[in-house]
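Q: Next up is a structure, given as structure tokens.
Throughout, read-outs are computed from the coordinates displayed, never taken from laboratory work. Here the structure is a predicted model, which means the values were calculated and not measured. Counting neighbours? That spans all protein chains shown, and the Cβs are built from the backbone with ideal geometry, glycine included.
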Amino acid sequence: MNASVVTPIGAPVRRKEDHRFITGKGRYTDDLSRPGQAHAYFLRSPYAHARIRAIDTSAAIDMPGVVAVLTGKDLAQDGLGGLICGWMIHSKDGSPMNAGAHPALALDTVRYVGDHVAVIIAETLNAAKDAAAAVVVDYEILPAVADLAQAQAEGGPVIHDVAPRNTVFEWELGDKAGTEAAFARAAHVTAIDIVNNRLAPNPMEPRAAIGDYDAGDDAFTLWTTSQNPHVARLVLSAFVGLAPENKLRVIAPDVGGGFGSKIFIYAEETVCAWASKRVGRPVKWTCERGEAFLCDAHGRDHITRGELALDGEGRILGFRVKTTANMGAYLSTFSSCVPTYLYATLLSGQYAIPAIYCEVDAVYTNTAPVDAYRGAGRPEATFLVERIIDKAARELGMDPAEMRRRNFVTAFPHQTPVIMCYDAGDYGASLDKALALADYTGFPARKAEAERRGRLRGIGLSAYIEACGIAPSAAVGSLGAGVGLWESAEVRVNPTGNVEVLTGSHSHGQGHETTFAQLVSARLGIPIDQVSVVHGDTDKVQFGMGTYGSRSGAVGMSAIVKALDKVEAKAKKIAAHVLEASEGDIEFKDGRFTVAGTDRGLAFAEVALNAYVAHKFPTSEIEPGLKEGAFYDPSNFTFPAGCHVCELEVDPETGVTQIVNWVAVDDFGTVINPMIVEGQVHGGIAQGVGQALMERVAYDNDGQLVTGSYMDYQMPRAEDLPSFTLGLTETRCPSNPLGMKGCGEAGAIAAPPAVINALTDALGTQDISMPATPAKLWAVAQARVTRRAAE
Amino acid sequence: MYAFDYQRPSFSQDAVSMMRSLEEPKLLAGGQTLLPTLKQRLAQPGTLVDLSRIPDLSGISVAGDVLRIGAMTRHAEVATSDLVHAHSPALAELAGMIGDPAVRNRGTIGGSLANNDPSADYPAAALALGATLVTDRRRLAASDFFRGLFETALEEDELILAVEFPKSGPAAYRKFRNPASRYAMAGVFVVRGADGVRVAVTGVGQEGVFRWKEAEAALTARFAPDALEGIALDPHTAMSDLHGDGAYRAQLTKVMARRAVEAIGG
């Protein structure tokens, strides 16, 4: 669709920002340079756990081109605080979580390989690296624990003194007694043990930062790869103590992907900003890919035992879950809410489950911090729910589709036993449509045909649900969040009738410059190229909570709608005066304000001009100008849901999996731009397939990272994926004005259980863990041959 | 990377003399292994001697039955060469399976063979096809050239000028790629020659590329896919890592060998 037209909601408008990106005109943090800038390199711990006896920087400081070598002592001297975790979780016994200190540069202990020991600032990056080799660190190596399963062992290494047995919290949710009672009357119990593999986020653009202190204004500017620059400013100001908010500008320019990993406030940008004042020059740092594997917050990493209580007809009576979650060596910015309120609250899945009880132990290990990664808690919940219901169906001899149908929530609103109140959905509709698109009933014939070719074919379902539109501020506040999760918007109409929309959301691949502009174009009846979206700069946008958790449509665009309501209301007042009509008679449609029942009217741009020249209305009653802001706080989460079907074949000779068909039927509520939504679904499925078949961060027993590059960390490639068949069902979200639910994480949440369920179907065993690599599946196929021979 | 000096000679004899006269010199061919190593500061040469502008090191020719490929010939040139396709189609196919387009447009046959990465593709072809490596001072049979992981018979200052491949019987290369790196996890080059079958294996051996003699004997006796049924590579001789243990690599070797035999046809 052409850019110079009015773009209705639901139109597949091409992304406005793509011309800039495709022609190399994007402006990422690393593309920027400040006059006189110096380069930072971080000396990192080579050990997973060690005491720092001494750091001798004297030789390094004398190296050519070195500006400064700074350590944690220098940070402490300047009175800067450590990094924080912004969500307080309480253990079952009521005690607050055991959060160890997290200095941006280590003080006396390093706790994972890659932990920050010192920063070397020099004229060039190469000079900084040369000098880093001359910093002498006297380490006392301590015993380390990298394996989640060993972290709570009595007598093992203690990573933070405040956390005995490395336990951050022992949390619970749900009704323990009610769940026990459900198990007591169960006709069948299905149990499953799951490892949710640890993932590296791998955005295409690595993190980067430039700190620039202006001595004239005594103010800092920080360019950084952030999904939420205002939150970064708030944390750096209020907790780290870098500068008051009015003296700290944070700019997140073009950002090349985040997947959660750029939500958090890390050591490097904190140090770059601080050091720029210390050395009197702008300080720039760009993460190398190897550093990203070491230090970007990882995702997932759970060990879980789940048990499902069923009656004689396959109806779920109760669900009991015990999870151990790896937090890494420090609590990252939002880490504590991921395995708790973003996880256990989704354990009801799409099903009416009368009783649920979940315990989560969060533990420290000598590994990189773990925090939100695309889906954040909800993929872990969905994997558990969709695996155990599939296993239960097979144990009961039921069709997995029928097993799901029998347990679906069908009446709304539905209050689950784990906080969430599902507001709208039609799970049967998405299942039916997915099964039809996948030709589910034709599968046995396809399986038989594959077997004649020596291939093991399987089909797997995933009926996922997620909680998005994060989140009602009072609700998250009651659960321990340190912030509210509303969003802001400002609509600035210029005198010539074009519009700037300022949003507290941040686009780093989601296409907001198009989708948000499309909404404004449709509402105001002006061509989309007359709408610009402004984001990512704390000096331009007053405040905002950023983009993650599929919130920018449901929350960010709702704020824009609120601001547009105000713009329209004021414009109507102005139009009434100009047209000498009563305000109640003014109608606004297709970009024109008209007096009802007449042909008298004004184009939107004419009203805008009148607003600014202010000749034709009383400025004592109506202020000049046309600019309105709004803050929108959602009244509920949103609940995107759907059904994915994966069909695949395994080559038993090599263990290679080929996905031969993928059907995704999603209910995202109202869809503004289906082209962008499809892109989000495609990318999400690819990441989910990556988790299921390929990706895994591995540490050895000494806490050394084994998968530190693409030589060993496998990412999904285009050739690993089929052409997806996508379908939509639609139930409007009742809690926001547009009826939107969010689509950014659905694929990554839905895909892993669909793949593993298909593999269990193909190989005839439930004993398949992620990532299901060729070597692993070959061994499973071998065991299958042996098993069949024995039978 | 660390700072280093840089030379770009125009003649191969100049490159050799630089290797003798300079402090800690290192030859730079396509750089597909060396440059990442330098970037990670895992090597610190005194001078890089760049071979890319020595005209007589590049090019493909056929004289009689012998295919001659200059040491600095890029993988992409080998993969698309009519001469190579006519003389040794399996070699062209192998070159087209190395890395990705960027690697194939920079990497060279001489650089790959001199590096002797245990997961590289060219060593399997050189060994199976009975190639001869022509250096500035001698001719080395491939069977004498490879000496273990990243080890070759080359002297410190010795330069490969070209690789010569004799005309062979029908051949095929089948590779199972490492899922992450795309290097060979098991690459098997099978040649059905007049004097018997040769089977060279890369990506598997703990000592690098090797000939699988048991498979050669079985296929020489009867060239058919099922001739490999009863034999197996000893898993304890195969590499084991995050991506697969010795048993898995032994299995892949057998499957790739069989698929190469199928490709040649009985």
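Q: Please give every one of the lysines within straight-line cross-link reach of A:K73, meaning a C-alpha to C-alpha distance under 30 Å, and leave out same-chain neighbours fewer than 8 residues apart.
A: A:K129, A:K247, A:K262, A:K277, A:K284
Q: Against the globular-protein guess of 2.2 N^0.38 Å, express the Cα radius of gyration of chain A as a ratio, rounded to two decimals.
A: Relative to the 2.2 N^0.38 Å estimate, chain A comes out at 0.99.
Q: Okay, moving on. With an 8 Å cut-off on Cα pairs and a minimum separation of 6 or more residues, tell me the relative contact order of chain A in percent.
A: Relative contact order, chain A: 16 percent.
Q: Assign unit charges at the C-beta atoms only (+1 for Lys and Arg, -1 for Asp and Glu), then state the dipole size of the range B:171-264 relative to its Cα centre in Debye, rounded to the nearest 20.
A: Its charge dipole is roughly 360 debye.
Q: Okay, moving on. When A:W223, A:W87 are ordered from fewest to most other Cβ atoms inside 10 Å of their Cβ, what list results?
A: By the 10 Å Cβ count, ascending, the order reads A:W87, A:W223.
Q: How much of the pair distance distribution for chain B lies past 34 Å, counting alpha-carbon pairs only, in percent?
A: 17 percent
Q: Next question, about the same structure. Tell me, in nm to one decimal, what length is gained between A:K589 and A:V785 on full extension, where the rule is 0.36 nm per residue of separation less the Cα-Cα distance?
A: 63.6 nm
Q: Given R₀ = 30 Å, FRET efficiency for A:D138-A:R289 by Cβ-Cβ distance, to 0.05?
A: Efficiency for this residue pair is about 0.50.
Q: Please state the relative contact order of the range A:398-540 as a whole percent: Cα pairs under 8 Å, 6+ residues apart?
A: Reported relative contact order: 12 percent.
Q: Right, next: Averaged over every viewing direction, what's the projected area of the C-alpha convex hull for the range A:673-791? Give it in nm², one decimal, please.
A: With every direction weighted equally, the projected area is 11.5 nm².
Q: Semi-axes of the equivalent ellipsoid of the range A:493-567: what are they in whole Å, largest first, if each equals the square root of 5 times a C-alpha gyration tensor eigenvalue?
A: Largest first, the range A:493-567 gives 19, 13, 12 Å.
Q: How much length, in nm to one decimal, is gained on full extension between B:K213 and B:D50, taken as 0.36 nm per residue of separation minus their Cα-Cα distance?
A: Difference between extended and current length: 54.8 nm.
Q: Lys/Arg Cβ at +1, Asp/Glu Cβ at -1, dipole of the protein assembly as shown taken about the Cα centre: which of B:N116, A:A608, A:Y422 is farthest positive-ward?
A: Going by the charge dipole, the pick is B:N116.
Q: Still on this structure, please answer the following. Could I have the simple spin-label model distance between A:F412 and A:D529, label points 7 Å from Cα toward Cβ, reported in nm to one decimal?
A: That separation, rounded to one decimal, is 3.9 nm.
Q: Starting from the alpha-carbon convex hull of the range A:113-221, give the projected area averaged over all orientations, in nm².
A: With every direction weighted equally, the projected area is 14.8 nm².
Q: Near B:L233, within a Cβ-to-Cβ distance under 13 Å, what is the net charge of the other residues, with Lys and Arg +1 and Asp and Glu -1?
A: So the surrounding residues net to +1.
Q: Could you tally the net charge around A:V135, taking each other residue with its Cβ under 12 Å from the Cβ of A:V135, Lys/Arg +1 and Asp/Glu -1?
A: Neighbour charge sum, excluding A:V135 itself: -2.
Q: Would you kindly derive the ³J(HN,Hα) couplings of the range A:591-596 from the backbone phi angles with the Karplus curve 6.51 cos²θ - 1.76 cosθ + 1.60 (θ = phi - 60°), listing them in order in whole Hz, with x for Gly and Pro?
A: Running phi through 6.51 cos²θ - 1.76 cosθ + 1.60 with θ = phi - 60° gives x, 10, 9, 10, 7, 3 Hz.
Q: Next up: Distances over 20 Å make up what percent of all Cα-Cα pairs in the range A:723-791?
A: 51 percent
Q: Over the range A:373-427, what portion of Cα pair distances is larger than 17 Å, expressed as a whole percent?
A: Everything past 17 Å amounts to 53 percent.
Q: At 10 °C and a viscosity of 1.306 mPa s, what translational diffusion coefficient does Stokes-Einstein give for the range B:171-264, taking Rh as the Kirkwood radius over Cα pairs? Give it in µm²/s as a whole number.
A: So the translational diffusion coefficient is about 123 µm²/s.
Q: To the nearest Å, what is the center-to-center distance of the range B:55-119 and the range A:637-671, using C-alpha atoms only?
A: If you average the Cα positions of each part, the centres end up 41 Å apart.
Q: Here's a follow-up. At q = 0.23 Å⁻¹, what log₁₀ I(q)/I(0) does a Debye calculation on the Cα points of the range A:65-184 give, no solvent, two decimals?
A: Debye output, listed in q order: -1.33.
Q: Another one. Please list, in chain and number order, the residues 5+ apart from A:V409 or on another chain whose amide H is under 5 Å from its amide H, with Hs placed from the backbone.
A: A:Y351, A:A352
Q: Another question, then. List the aspartates and glutamates whose alpha-carbon lies under 12 Å from that of A:K25, not counting same-chain residues fewer than 8 positions away?
A: Correct list for A:K25: A:E17, A:D254.
Q: Please state, rounded to one decimal and in Å, the Kirkwood hydrodynamic radius that the range A:246-312 gives when every pair of distinct Cα atoms enters the mean of 1/r.
A: For the range A:246-312, the Kirkwood estimate is 15.8 Å.
Q: Which residue, chosen from B:V16, B:Y6, B:G31, occupies the Cα position most advanced towards the positive end of the dipole of the range B:5-50, where the dipole is computed from +1 (Lys, Arg) and -1 (Asp, Glu) charges on Cβ about the Cα centre?
A: Looking along the dipole axis, the top candidate is B:G31.
Q: Sticking with this one: Sort out for me the Cα centre separation of the range A:375-408 from the range A:750-771, rounded to whole Å.
A: Between the Cα centres of the range A:375-408 and the range A:750-771 lies a distance of 12 Å.
Q: What is the P(r) of the range B:1-88, as percent of Cα-Cα pairs per 10 Å bin from 0?
A: 16, 38, 29, 15, 2
Q: Determine the dipole magnitude for the protein assembly as shown: charges of +1 sit on the beta-carbon of Lys and Arg, -1 on that of Asp and Glu, nothing else is charged, the reference point is the Cα centre, and the result goes in debye to the nearest 20.
A: About 1260 debye.
Q: Could you line up B:D136, A:D217 from fewest to most neighbouring Cβ atoms inside 10 Å?
A: By the 10 Å Cβ count, ascending, the order reads A:D217, B:D136.
Q: Also, I was wondering about something else. Can you run phi through the Karplus equation (6.51, -1.76, 1.60; θ = phi - 60°) for the range A:575-589 and list ³J(HN,Hα) in whole Hz, with x for Gly and Pro?
A: 4, 4, 5, 5, 8, 6, 10, 7, 4, x, 8, 7, 10, 10, 8
Q: Right, another one. Note down the Stokes-Einstein diffusion coefficient of the range B:5-50 in µm²/s, whole number, using a Kirkwood radius over alpha carbon pairs, 20 °C, and 1.002 mPa s.
A: Once the numbers are plugged in, D ends up at 198 µm²/s.
Q: Now for a different question. Please report the Cα spread of the range A:572-699 along all three principal axes, rounded to whole Å, starting with the longest.
A: Between the extreme Cα coordinates on each principal axis of the range A:572-699 lie 82, 39, 27 Å.
Q: Determine the calculated [θ] at 222 nm for chain A from helices alone, applying -39500 (n - 2.57) to every DSSP H run no shorter than 4 residues and normalising by the residue count; nearest 500 deg cm²/dmol.
A: Calculated from helices alone, the mean residue ellipticity at 222 nm is -8000 deg cm²/dmol.
Q: What residues have an amide H closer than 5 Å to that of A:H49, excluding those fewer than 5 places away on the same chain, when H is modeled at 1.01 Å from N in the peptide plane?
A: A:L142
Q: Turning to a different aspect of this structure: Determine Rg/Rh for the range B:109-223; Rg is computed over alpha-carbon atoms and Rh is the Kirkwood hydrodynamic estimate from the same atoms.
A: With Rg and the Kirkwood Rh in hand, the quotient comes to 0.97.
Q: Work from the charge dipole of chain A (Cβ charges, +1 for Lys and Arg, -1 for Asp and Glu, about the Cα centre) and give the residue of A:G79, A:L142, A:A445 farthest towards its positive end.
A: A:A445
Q: Could you work out the mean count of beta carbons from other protein chains within 10 Å of each residue's beta carbon in A:772-780?
A: 4
Q: Let me ask something else about it. Could you give me D for the range A:188-244, from Stokes-Einstein at 4 °C and 1.567 mPa s, where the hydrodynamic radius is the Kirkwood radius over C-alpha pairs? Units µm² s⁻¹, please.
A: The calculation lands on 86 µm²/s.
Q: Now a separate question. Set the Förster radius R0 to 35 Å, insert the Cβ-Cβ distance between A:A429 and A:R20 as r into 1/(1 + (r/R0)^6), and round the FRET efficiency to 0.05.
A: After rounding to 0.05, the efficiency reads 0.35.
Q: What FRET efficiency comes out for the pair B:D226/A:Y612, r = Cβ-Cβ distance, R0 = 60 Å, nearest 0.05?
A: Computed FRET efficiency for B:D226 and A:Y612 comes out at 0.10.
Q: Also: Roughly how compact is the range A:398-502, stated as its Cα Rg over 2.2 N^0.38 Å to two decimals?
A: The range A:398-502 yields a ratio of 1.77.
Q: Check A:Y373: other-chain or 5+ apart residues with amide H under 5 Å from its amide H, H built from backbone geometry?
A: A:R300
Q: Also, I was wondering about something else. In nm, what is the difference between 0.36 nm times the number of residues separating A:D218 and A:E402 and their Cα-Cα distance?
A: 59.6 nm
Q: Here's something else I'd like to know. With θ taken as phi - 60° and the coefficients 6.51, -1.76 and 1.60, list the Karplus ³J(HN,Hα) couplings across the range A:384-391 in order, rounded to whole Hz; mark glycine and proline as x.
A: 3J(HN,Hα) across the range A:384-391, in whole Hz: 5, 5, 6, 6, 6, 6, 5, 5.
Q: Still on this structure: Can you give the convex hull volume of the alpha carbon atoms of the range B:55-165 per residue, in Å³?
A: It is 96 Å³ per residue.
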